[in-house]
1. Return the long-range amide H neighbours of PHE84 (sequence gap of 5 or more, or a different chain), with a cut-off of under 5 Å between placed amide H atoms.
2. Can you list, largest first and rounded to whole Å, the semi-axes you get for region 8-87 by taking the square root of 5 times each eigenvalue of its Cα gyration tensor?
3. Using only the Cα atoms, work out Rg/Rh for region 67-108, with Rh taken as the Kirkwood radius, to two decimals.
4. Pulled fully out, how much extra length does the chain show between ALA54 and ARG66, if you take 0.36 nm times their separation in residues and subtract their Cα-Cα distance?
5. Expressed as a whole percentage, what fraction of the accessible surface of region 43-195 belongs to carbon and sulfur atoms when a 1.4 Å probe is rolled over the protein heavy atoms?
6. Compute the helix-to-body angle for 39-56: its Cα long axis versus the longest principal axis of the chain, expressed 0 to 90° and rounded to tens.
7. Report the residues of region 66-82 in range of a label on LEU194: point 7 Å along Cα→C-beta, backbone N strictly under 12 Å from it.
8. For THR96, what accessible surface area do you get with a 1.4 Å probe? Give it in Å², rounded to 10.
Amino acid sequence: AHQTLEAMARGGVRDQLDGGFFQAARDSGWRVPDFVRMATLNAALLDVYASAAAQFGEHPFAEVARGIASYVLGTLRDPKTGAFFTSQAADEAYYTWTSREVTSAVPVIHVQPACMHWNVQPAARVVADPQKNVLYVAADADAIARDIGQPVTAVAAQLADARKLLLAARAAREAPRLDRRHYVDVNAQVVSALL
């Protein structure tokens, strides 16, 4: 269970920028998602990661749980009613990145750590557009710091900045459509997980 939760958190099934999870993966390595995000799945995973954080006493699982909660509250919550939407549609172009898009969004000093961290390559060939990359954690800050000869704290700060900048750049794109229906069972699951 611990290994599975770690692999899912590092994989492409998790939106590495805003923390929500996609419904499923197209590959056995969980690197290429189907890009649909369901409220019920995110509620279930929020519950699992929060429980895992408490049971294992591990900060990374707590961060994953906070990321899921942030996605659910920030994207799936109806600002008018406070209820939760059912899902967010698949949109491969919205969630994927060319190497040029990454280098345009982050300062030069952040490009190498960001590309190493999320395995961004000029020709990824994993989705319909062969130049687009799905972001997943390929290397952590410790490994990157060793490879490029920088302190781990500096690399971690660069990765945090790169994540914020990529999220801001993605916000300029047209977001995937939301299924704006409100279902009692979906809302009950989300509220229960948040509590």
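1. Those lying under 5 Å, H to H, from PHE84 are ASP78.
2. Over the Cα atoms of region 8-87, the ellipsoid semi-axes are 20, 17, 9 Å.
3. Working: Rg = 14.7 Å, Rh = 12.8 Å.
Dividing the radius of gyration by the Kirkwood radius yields 1.15.
4. 3.0 nm is the gain from fully extending ALA54 to ARG66.
5. Carbon and sulfur together cover 55 percent of it.
6. With rounding to tens, the tilt is 70 degrees.
7. Only 69-82 fall inside the zone, counting backbone N under 12 Å.
8. Answer for THR96: close to 0 Å² accessible.
The values are calculated or read from the model by the stated rules, or taken from the named source; none is laboratory data. All figures in this text were calculated on a predicted structure; none of them were measured in a lab. When we count neighbours, we look across all protein chains shown, and the Cβ atoms used for this are built from the backbone with ideal geometry, even at glycine. Protein only, heavy atoms only, side chains kept; ligands, DNA and RNA dropped before computing areas. Shrake-Rupley method; radii C 1.70, N 1.55, O 1.52, S 1.80 Å.
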